[in-house]
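Before any comments, here is the structure.
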Amino acid sequence: MPQTKKQEIVYTVMMVCVMVYGMVCYNIALDVGGMQNFIFAAALSELPIMGVIGFLLDTFLVGPAAMRIAMGWFTPGKDKQVFLIAAISCLSAWMMCPLMSFFATLLFKDSHNAQFFAIWVQTTVMNFPMALLWQFFAAGPLVRRIFGLLFRENADKSSATEMESVQG
């Protein structure tokens, strides 16, 4: 898990990219009636705008709220870390899904009419199960693993430098 502000930003960018890309692929597949090879490339065109929206929402609204709520349920150091991670993951998906679905409906669906609310609700309902499963079983573990590998190396280097300064 992130320990510094820089690590928090890196972690958020990684998680947002993986979550948004997966969910954009899923939504395009829903729109065209199933998964097809072209979807993997097509999703890249939506990633920049939805990625920025996701980053801003997660950084300034959802991330802090999910952390605050989860910390009310579980205490770091006292409770198992897996419970805190699961709570944050669940809360993040629960809060991000309607927000991201709102922006996806606004930007990418033919919803500029009286049916906007209905389309947004349907999009949210269709996305939530996938967002929760994608977060728990794919994006979350993948990003935590890669993040851990990236920053473990830095932690190992700083530990080695500290050992050398203590010994020298």
Assess whether Phe102 counts as being modelled with pLDDT of 95 or more, in contact with a Cys (Cβ under 9 Å, 6 or more places away or on another chain) and open to solvent by 40 Å² or more (accessible area, probe 1.4 Å).
no
Just one listed residue, out of Ser111, Ser159, is modelled with pLDDT under 95, over 23 Å from the mean Cα position of the chain (by Cα) and surrounded by 12 or more Cβ atoms within 10 Å (Cβ to Cβ), and it is Ser111
Scanning the stretch 48-69 for residues that are open to solvent by less than 20 Å² (accessible area, probe 1.4 Å) and among the small types (Gly, Ala, Ser), the one farthest from the chain's Cα centre (by Cα) turns out to be Ala65
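Within the stretch 126-145, is there a residue that is within 16 Å of the chain's Cα centre (by Cα), under 22 Å from Met15 (Cα atoms) and either at pLDDT below 95 or basic (Lys, Arg) (or both)? Break it down stepwise before answering.
Step one: filter the stretch 126-145 for residues within 16 Å of the chain's Cα centre (by Cα), giving 127-145.
Right, trim to under 22 Å from Met15 (Cα atoms) and you get 127-145.
Now narrow it down to the ones that are either at pLDDT below 95 or basic (Lys, Arg) (or both): 144-145.
The answer is yes; a qualifying residue exists.
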Any chance Phe117 is of a type in the set (Phe, Trp, Tyr) and surrounded by fewer than 13 Cβ atoms within 10 Å (Cβ to Cβ): yes
Of those in the stretch 29-47 that are open to solvent by 70 Å² or more (accessible area, probe 1.4 Å) and under 25 Å from Ile9 (Cβ atoms), the residue farthest from the chain's Cα centre (by Cα) is Ser45
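Quick one: is Met14 open to solvent by 20 Å² or more (accessible area, probe 1.4 Å), under 12 Å from the mean Cα position of the chain (by Cα) and closer than 23 Å to Trp120 by Cβ?
Details: open to solvent by 20 Å² or more (accessible area, probe 1.4 Å): yes; under 12 Å from the mean Cα position of the chain (by Cα): yes; closer than 23 Å to Trp120 by Cβ: no.
No.
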Exactly one of Val24, Val16 is within 20 Å of Phe102 (Cβ to Cβ), touching a Gly at 6+ places or on another chain (Cβ under 8 Å) and modelled with pLDDT of 95 or more, and that one is Val16
Exercise. Scan the stretch 70-83 and give yes if some residue there is at pLDDT below 95 and either of a type in the set (Gly, Ala, Ser) or open to solvent by less than 40 Å² (accessible area, probe 1.4 Å) (or both), otherwise no.
Key: yes
Looking across the stretch 1-49 at residues that are of a type in the set (Ser, Thr, Tyr) and assigned to a helix (DSSP H, G or I), the single one that is farthest from Pro141 (Cα to Cα) is Ser45
Conditions (1) closer than 17 Å to Gly63 by Cα; (2) modelled with pLDDT under 95 -> Gln167 fails only (1)
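The values are calculated or read from the model by the stated rules, or taken from the named source; none is laboratory data. Because the structure is predicted, anything quoted here is derived from the model rather than measured. Methodologically, a virtual Cβ is constructed for each residue, glycine included, from the backbone with ideal geometry; neighbour enumeration extends over all protein chains shown. Heavy atoms of the whole protein, side chains included, go into the accessibility calculation; ligands, DNA and RNA do not. Shrake-Rupley method; radii C 1.70, N 1.55, O 1.52, S 1.80 Å.
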